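Working notes, structure below.
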Amino acid sequence: MNETPTSVRTHIGFFGRRNAGKSSLVNAVTGQNLSIVSEVKGTTTDPVNKTMELLPLGPVVVIDTPGIDDQGDIGEQRVLKAKQVLNKTDVAVLVVDAVEGKTAEDEELIAIFRSKQTPFIVAYNKADLIDAPIEVDETEVIVSALTKEGVDALKERIAALAFTQETKLQIVGDLLQGGDFVVLVTPIDKAAPKGRLILPQQQTIRDILEADASAIVVKEHELRDTLAHLGKKPRLIVTDSQVFAKVSADTPRDVPLTSFSILFARLNGFLGASLEGVKALDSLENGDEVLVAEGCTHHRQCDDIGTVKIPRWIRNYVNKDVKFSFTCGRDFPLDLSRYRIVIHCGGCMLNRREMRYRQEHSLAQDVPIINYGVVIAHIQGILERCVEVFG
Ligand SMILES: Nc1nc2c(ncn2[C@@H]2O[C@H](COP(=O)(O)OP(=O)(O)OP(=O)(O)O)[C@@H](O)[C@H]2O)c(=O)[nH]1
Ligand SMILES: [Mg+2]
C-alpha cells in the first residue's frame, strides 16, 4: 500500500454529450493516452478511472464517462453509468463542444450538479475550431484538447474548486490530545490479508500519529495482558467490530471503546443515521429482506463479515427468518423498496460523497441505513458504550 487511498483522493468527473471531447480532454489533463478517442459517437462505453497526482491539487481520481445523450437501450445503460459516477464526484467538468454550444442535455447536467451541490466548471472544447471568440463567465473556460490551449487554466480551476471544498476530516485525531495513547485491536485470523494490515487500520494509525498521540496495536487475545502492564489508562480502545464481545469483556468499563467501522461511519457522515436506524433491527419480521452493502470488492475478511457473520448474528438476535441480499463495490441498487433495512460497512474504500449519496438515497426511500459496527454493538448490547467517546 504505497499509494494514497482512493477514498481520500479528490474525484474529478468529466461529463458531457457524445463527441464533445471528454476523453480527449481527460487525456490532455492527465498527460496520458488513457481513454480511447474517436470521431464515432459513443466511443466511451464505461467509466474509465485514473488515479494520479494532479498539480497543483495533489492525489486525485480522474474519471472519463460515456456521453449522456445516448439513445436506445444500451444508451440508457451508459447514461446510468455516467450518472452513477456523479454520486462520487467531488468536482465535475462539463465538456461542451464549443462549435455546437450548450444543449438541453448540458443544461440538464448543470441542473443535476446544482441539485447535488457538486462544484462544476464548463469547458468549451475544440477552441481551435472556432473563429469568433466566445464570451465566458467565471464558471467556464475555453480549451482545446488538440492544441492544449487552456488546459493548464482548467487544471487550476479544478484545483481551486476542490480546495474550497476541502475540510480536514479526522478519523480519530479530533478525540485525542498530544501524549494520549490508543490501543487498536486487530485480529490476525485466516481471513486477514497476507503480510499487511487492512486500510482502515493503517489510516487510523496514521491519524493517531498526526495527533501527536501513540498507537499500540494488539491482537484480541493480547488485550487483557497489555492493559494490565501499561500502567496508564488508554484514551480509547478501537477494535475490529468482529471481536467486539471479547474486547468489551476485557476492557475496563471506564476506558472508552469503539470500532474501526464506527469511526469510519462517523468520518463518512453516517453515524447519526445509523444510531437513528438501529431500532429497526428489533422489529424485523419473518420474510423481511435486509440488504448488506459492502464498499470493497476484494477483501475476504469484509466479505466474510458481511455475507456470513452479520446475517448469522442478526438471525440469532431477532430469532426470525430474515432474508439477506448482498451488494459490493460500486453497486448500490436504485430501488430499495423491497428492503426493510440497509446494513452498510464503514465505507473506507468509498469516498465521503458516495457514502452521503447512499445515505440520502436510502433515507429518501424510508429505508434505515445502519453501519456494520453499530449493528454488531447493538446486538451485543454495548452500543451506548461504543459511541460514548463521541459525546
Ligand atoms: N479539433 C478538435 N477536435 C477535437 C478536440 N477534442 C476532441 N476532438 C475530436 O472530437 C472527436 C471526439 O472526441 P472524444 O474525445 O472521443 O469525445 P468523447 O466526448 O469522449 O466522445 P464519447 O466517448 O463518444 O462520448 C474526436 O474525433 C477527437 O479527435 C479539440 O480540442 N479540437
Ligand atoms: Mg469518450
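The values are calculated or read from the model by the stated rules, or taken from the named source; none is laboratory data. Fair warning: this is a prediction, and the values are worked out from it, not measured in the lab. Virtual Cβ from ideal backbone geometry, glycine too; neighbours counted across all protein chains shown.
I'd like the residue in region 101-152 that is touching a Leu at 6+ places or on another chain (Cβ under 6 Å) and assigned to a loop (DSSP other than H, G, I, E, B) and, out of all such residues, is surrounded by the fewest Cβ atoms within 10 Å (Cβ to Cβ).
Per the stated criteria, the residue is PRO119.
Working carefully through the options GLY306, GLY272, find the one that is free of Cβ contacts under 8 Å to residues at least 60 places away in the same chain, within 19 Å of the chain's Cα centre (by Cα) and assigned to a helix (DSSP H, G or I).
From the options GLY306, GLY272, the qualifying one is GLY272.
For PRO66, are the conditions met, namely being closer than 20 Å to MET355 by Cβ, assigned by TED's automatic domain parsing to the domain that holds LEU161 and within 13 Å of ligand 2 (Cβ to nearest atom)?
The answer is no for PRO66.
Working carefully through the options ILE158, ILE171, find the one that is modelled with pLDDT of 90 or more, touching a strand residue (DSSP E or B) at 6+ places or on another chain (Cβ under 8 Å), buried (at least 20 other Cβ atoms within 10 Å of the Cβ) and closer than 30 Å to ASP207 by Cα. First the steps, then the outcome.
On the way: ILE171 fails: touching a strand residue (DSSP E or B) at 6+ places or on another chain (Cβ under 8 Å).
Result: ILE158 is the single residue among ILE158, ILE171 that is modelled with pLDDT of 90 or more, touching a strand residue (DSSP E or B) at 6+ places or on another chain (Cβ under 8 Å), buried (at least 20 other Cβ atoms within 10 Å of the Cβ) and closer than 30 Å to ASP207 by Cα.
Using the structure shown, decide if VAL48 is of a type in the set (A, V, I, L, M, F, W, C) and closer than 20 Å to THR297 by Cβ.
yes
Take region 292-303 and flag every residue that is surrounded by fewer than 22 Cβ atoms within 10 Å (Cβ to Cβ) and either hydroxyl-bearing (Ser, Thr, Tyr) or modelled with pLDDT of 80 or more (or both).
Answer for region 292-303, where residues must be surrounded by fewer than 22 Cβ atoms within 10 Å (Cβ to Cβ) and either hydroxyl-bearing (Ser, Thr, Tyr) or modelled with pLDDT of 80 or more (or both): just THR297.
Of the numbered conditions (1) at pLDDT below 90; (2) among the charged types (D, E, K, R); (3) more than 30 Å from ARG18 (Cβ to Cβ), ASP137 fails exactly one; give the number of that condition.
Unmet for ASP137, out of (1) at pLDDT below 90; (2) among the charged types (D, E, K, R); (3) more than 30 Å from ARG18 (Cβ to Cβ): (3).
Kindly provide the set of residues from region 5-23 that are among the aliphatic types (A, V, I, L, M) and near ligand 1 (Cβ under 6 Å from one of its atoms), ordered by number.
ALA20
Got at least one residue in region 187-200 being in a helix (DSSP H, G or I), at pLDDT below 95 and within 18 Å of ILE382 (Cα to Cα)? Full working, then the answer.
Here is the first cut: in region 187-200, the ones in a helix (DSSP H, G or I) are 199-200.
Then keep just the ones that are at pLDDT below 95; that gives 199-200.
Filter once more, so that each one left must be within 18 Å of ILE382 (Cα to Cα): none.
For region 187-200, residues in a helix (DSSP H, G or I), at pLDDT below 95 and within 18 Å of ILE382 (Cα to Cα): absent.
Would you mind stating whether GLY75 is over 30 Å from GLN170 (Cα atoms), at pLDDT below 85, within 16 Å of ligand 2 (Cβ to nearest atom) and small (Gly, Ala, Ser)?
The answer is yes for GLY75.
With (1) modelled with pLDDT of 90 or more; (2) surrounded by 14 or more Cβ atoms within 10 Å (Cβ to Cβ); (3) not assigned by TED's automatic domain parsing to the domain that holds GLU354 as the list, and ASP225 as the residue in question, which single condition is left unmet?
Here ASP225 meets the rest and fails (2).
Is region 153-160 home to any residue that is in the same structural domain as ASN27 (by TED's automatic domain parsing) and outside any helix (DSSP H, G or I)? Don't jump to the end; show me each part of the working.
Residues of region 153-160 that are in the same structural domain as ASN27 (by TED's automatic domain parsing), as a first pass: 153-160.
With outside any helix (DSSP H, G or I) added as a condition, the list becomes none.
No.
Tell me whether region 77-96 contains one or more residues that are surrounded by fewer than 22 Cβ atoms within 10 Å (Cβ to Cβ), among the basic types (Lys, Arg) and free of Cβ contacts under 8 Å to residues at least 24 places away in the same chain.
no
Considering only residues that are basic (Lys, Arg) and assigned to a loop (DSSP other than H, G, I, E, B), which ones fall in region 27-77? Working first, answer last.
First, pick out the residues of region 27-77 that are basic (Lys, Arg): 41, 50.
Scanning region 27-77 gives a single hit, LYS41.
If you go through region 12-34 one residue at a time, how many are surrounded by fewer than 20 Cβ atoms within 10 Å (Cβ to Cβ) and over 23 Å from the mean Cα position of the chain (by Cα)?
4
Go through (1) within 13 Å of ligand 2 (Cβ to nearest atom); (2) in a loop (DSSP other than H, G, I, E, B); (3) within 25 Å of LEU161 (Cβ to Cβ) and name the single condition THR4 misses.
Answer for THR4: the failing condition is (1).
When region 352-391 is examined, which residues are found to be in contact (Cβ under 8 Å) with a residue 12 or more places away in the chain, surrounded by fewer than 24 Cβ atoms within 10 Å (Cβ to Cβ) and not in a helix (DSSP H, G or I)?
Answer for region 352-391, where residues must be in contact (Cβ under 8 Å) with a residue 12 or more places away in the chain, surrounded by fewer than 24 Cβ atoms within 10 Å (Cβ to Cβ) and not in a helix (DSSP H, G or I): GLN365, VAL367, PRO368, ILE382.
So which residues in region 124-149 are closer than 20 Å to SER24 by Cα, in contact (Cβ under 8 Å) with a residue 24 or more places away in the chain and out of contact with any Lys or Arg (no Cβ under 9 Å at 6 or more places or on another chain)?
Across region 124-149, the qualifying residues are LYS126, ALA127, LEU129, ILE130, ILE142, LYS148.
Filter region 112-143 down to the residues that are within 16 Å of ligand 2 (Cβ to nearest atom) and not basic (Lys, Arg) and list them by number.
The answer is ALA123, ASN125, VAL143.
Just a yes or no: is a residue in region 49-65 more than 19 Å from LEU161 (Cα to Cα), within 14 Å of ligand 1 (Cβ to nearest atom) and over 19 Å from the mean Cα position of the chain (by Cα)?
no
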